[in-house]
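Visitor: Okay, handing you the structure first.
Just so it is clear, none of the values below were taken in a lab; they were calculated from the coordinates. Please read these numbers as outputs of a predicted model, since none were measured by experiment. Every residue, glycine as well, gets a Cβ built from its backbone with ideal geometry; the counts of neighbours run over all protein chains shown.
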Amino acid sequence: MRAVLCKEWGEPSTLEIEEVERPVPGAGEVRISVRASGVNFADALMVADKYQFKPPFPFSPGFEVSGVVAEAGRDVAGLGVGDRVMAALPHGGYAEEVVVPEANVVQIPEGMDFHTAASFPVAYGTAHLALTYRANLETGDVLLVHGASGNVGRAAVEIGKRLGATVIATGGSPESLEVAARRAADYVIDYGREDVRDRVMEITAGRGANVVLDPVGGDAFDASLRCVAWEGVILTIGFASGRIPEAPAWRVLLKNCAVMGLDWGGYLRRDPETVKTSNAEALRWYEEGALDPRPSRTFPLERAADALEAQAGRGSTGKVVLTTDQD
Ligand SMILES: NC(=O)c1ccc[n+]([C@@H]2O[C@H](COP(=O)([O-])OP(=O)(O)OC[C@H]3O[C@@H](n4cnc5c(N)ncnc54)[C@H](OP(=O)(O)O)[C@@H]3O)[C@@H](O)[C@H]2O)c1
């Protein structure tokens, strides 16, 4: 089987595609014949040695795949050969075959194609778990979503609307704001040109946002601390801006707010049952038509470097996925 390999830290262009041994499932694991692999912001970080987890060389990047179960190991109870599935993994998704613990595999709902399924686990899993399980977003709340044109941001806008929140979306260009508006954000703010704090206070008549979902960090996080509501929650998801911000404790105290982290991969490792429950609800909402995870661009597996460049470009309009030619 073919796999995209990282053999040294560097740019996406250093990745190579090679024939490697097919992986064998152990107890409680399945082998998936991959149809599509989701491309995420953190894939390029991992290849560049800028990610918190550093696999030994050679490794394949890729946190999520869709495909068909090709082999089930011992003690696999709920999945069988031929099942259409999506799965999350610590890395290794840029390959024609992957082995994954059964706990990290979910059946694809009828009507969802493989490309869409490969776009779902990380972005929708993260946004759903953050907004429901962590922040307990409620109908009538105001949700502020930074980087709303990005993978996690788009999912958060849709999930916020499904939960009955008023959604304020931020982005860095008219194209980004257009993406957020198409996902039904109620208000949009261009954080390159407008003062986020002032606009949020104006929109909320001085009350601020009850929940902020922040995959951007940097200035977006600083502004969030100044426009989060009394007893509000700021969900720290990532640092796409490149700056890891710091929260002055006096602001947290005076706002009676919480700055809360959410590492979806951490939940997958420590508490897969909670992730499963979260996935199940998000997939029900997809089946209702409330969520639109369809990707905007596909690349064949051998063009992984181009796919990573496309994902990293600002102003993206949708998820990027890699496809294999396997049926
Ligand atoms: N905690 C978790 O479990 C978890 C899960 C998934 C992702 N993440 C993290 O969340 C962040 C976003 O991931 P994603 O997959 O949503 O990424 P993405 O699709 O690339 O979206 C990131 C968004 O951030 C904005 N942005 C602001 N400054 C940027 C900059 N300097 N460079 C690039 N984009 C910038 C961009 O919108 P504008 O161009 O409109 O500003 C972009 O749409 C990453 O740090 C990722 O590692 C964390």
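Visitor: In what order do Val122, Val233 fall by count of nearby beta-carbon atoms within 10 Å, going from fewest to most? Intermediate results must be reported in sequence, preceding the final value.
Guide: Working: Val122 25, Val233 22.
If I rank by nearby Cβ atoms, fewest first, I get Val233, Val122.
Visitor: Another question, if that's okay. Rounded, prolate or oblate for the range 1-147? Axes are the square roots of the Cα gyration tensor eigenvalues, ordered a ≥ b ≥ c, and the cut-off for rounded is a/c under 1.5.
Guide: Numbers: a/c = 2.05, a/b = 1.17, b/c = 1.74.
It comes out oblate by the Cα gyration axes.
Visitor: So between Thr139 and Ala77, what do we pick up on full extension, going 0.36 nm a residue minus the alpha carbon distance? Walk me through the numbers on the way to the answer.
Guide: Values: separation 62, 0.36 × 62 = 22.32 nm, distance 3.78 nm.
That pair, Thr139 and Ala77, stretches by 18.5 nm at full extension.
Visitor: Read phi for every residue in the range 306-311 and hand back ³J(HN,Hα) as whole Hz from Karplus 6.51 cos²θ - 1.76 cosθ + 1.60, θ = phi - 60°, with x for Gly and Pro.
Guide: 5, 5, 5, 5, 5, 5
Visitor: Only Lys, Arg, Asp and Glu count, each charged at its Cβ (+1, +1, -1, -1), so figure out the dipole size of the range 22-83 about its Cα centre, rounded to 20 debye. Intermediate values should be presented prior to the final figure.
Guide: Values: 6 positive and 7 negative charges, 29 e Å.
For this selection, approximately 140 debye.
Visitor: Also: In whole Å, what three semi-axes, largest first, describe the equivalent ellipsoid of the range 124-265 built from its Cα gyration tensor (square root of 5 times each eigenvalue)? Provide the component values of the computation, followed by the final result.
Guide: Numbers: eigenvalues 69, 54, 48 Å².
Working through the eigenvalues yields semi-axes of 19, 16, 16 Å.
Visitor: How large is the dipole of the chain about the Cα centre if only Lys and Arg carry +1 and Asp and Glu carry -1, each at its Cβ, rounded to the nearest 20 debye?
Guide: Values: 32 positive and 46 negative charges, 151 e Å.
I would put it at about 720 debye.
Visitor: Which far-off residues, 5 or more places away or on another chain, put their amide H under 5 Å from the one on Phe59, with H placed in the peptide plane?
Guide: Close amide H contacts, sequence-distant or interchain: Cys6.
Visitor: While we're here: Could you tell me what percent of the DSSP beta bridges with both partners in the chain are antiparallel, to the nearest 5? Please list the in-between numbers first.
Guide: On the way: 30 of 54 bridges.
Around 55 percent antiparallel, to the nearest 5.
Visitor: Give me the number: length gained by fully extending Val252 to Asp325, i.e. 0.36 nm times residue separation minus the C-alpha to C-alpha distance, one decimal in nm. Intermediate values should be presented prior to the final figure.
Guide: Working: separation 73, 0.36 × 73 = 26.28 nm, distance 5.11 nm.
The Val252-Asp325 span can extend by a further 21.2 nm.
Visitor: Output the antiparallel fraction of DSSP beta bridges having both residues in the range 124-265, as a percent to the nearest 5. Intermediate values should be presented prior to the final figure.
Guide: Working: 0 of 20 bridges.
If I count the DSSP bridges inside the range 124-265, around 0 percent turn out antiparallel.
Visitor: Taking only DSSP H segments of four or more residues, each worth -39500 (n - 2.57), what value at 222 nm results for the chain once the sum is divided by all its residues, to the nearest 500 deg cm²/dmol?
Guide: Details: 11 runs with 99 residues, N = 327.
Taking each H run of at least 4 residues, the total per residue is -8500 deg cm²/dmol.
Visitor: Among the listed pairs Lys7/Lys276; Lys50/Lys255; Lys276/Lys319; Lys161/Lys255; Lys54/Lys276, give every one whose C-alpha distance is greater than 30 Å. Present the calculation step by step, with values, prior to reporting the outcome.
Guide: Working: Lys7/Lys276 33 Å; Lys50/Lys255 33 Å; Lys276/Lys319 22 Å; Lys161/Lys255 25 Å; Lys54/Lys276 26 Å.
From the list (Lys7/Lys276; Lys50/Lys255; Lys276/Lys319; Lys161/Lys255; Lys54/Lys276), the Cα-Cα distance tops 30 Å for Lys7/Lys276; Lys50/Lys255.
Visitor: Residue-wise, which Karplus ³J(HN,Hα) couplings in Hz belong to the range 28-34, taking 6.51 cos²θ - 1.76 cosθ + 1.60, θ = phi - 60°, and x for glycine or proline?
Guide: Calculated HN-Hα couplings, in order: x, 10, 10, 9, 10, 7, 7 Hz.
Visitor: If I take every Cα pair under 8 Å that is 6 or more residues apart in the chain, average their sequence separation and divide by the length, what percent do I get for the relative contact order? Spell out each step's value before the answer.
Guide: Values: 772 pairs, mean separation 60.4, N = 327.
That works out to 18 percent.
Visitor: Which one, Ser176, Val200, Ala258, projects farthest toward the positive side of the charge dipole computed for the range 124-265 from Cβ point charges (K/R +1, D/E -1)?
Guide: Among Ser176, Val200, Ala258, the one farthest towards the positive end of the dipole of the range 124-265 is Ala258.
Visitor: Plugging the Kirkwood radius over Cα pairs into Stokes-Einstein for the chain, at a temperature of 20 °C and a viscosity of 1.002 mPa s, what D comes out in µm²/s?
Guide: Values: Rh = 20.0 Å.
For the chosen part, D equals 107 µm²/s.
Visitor: Let me test this: with uniform point scatterers at the alpha carbons of the range 1-42, what is the Debye-based log₁₀ I(q)/I(0) at q = 0.22 1/Å?
Guide: Those come out to -0.97, one per q.
Visitor: So, with +1 on the Cβ of K and R and -1 on the Cβ of D and E, and no other charges, what is the size of the charge dipole of the range 220-277 about its Cα centre, to the nearest 20 debye?
Guide: Details: 7 positive and 6 negative charges, 15 e Å.
Dipole magnitude for the range 220-277 comes out near 80 debye.
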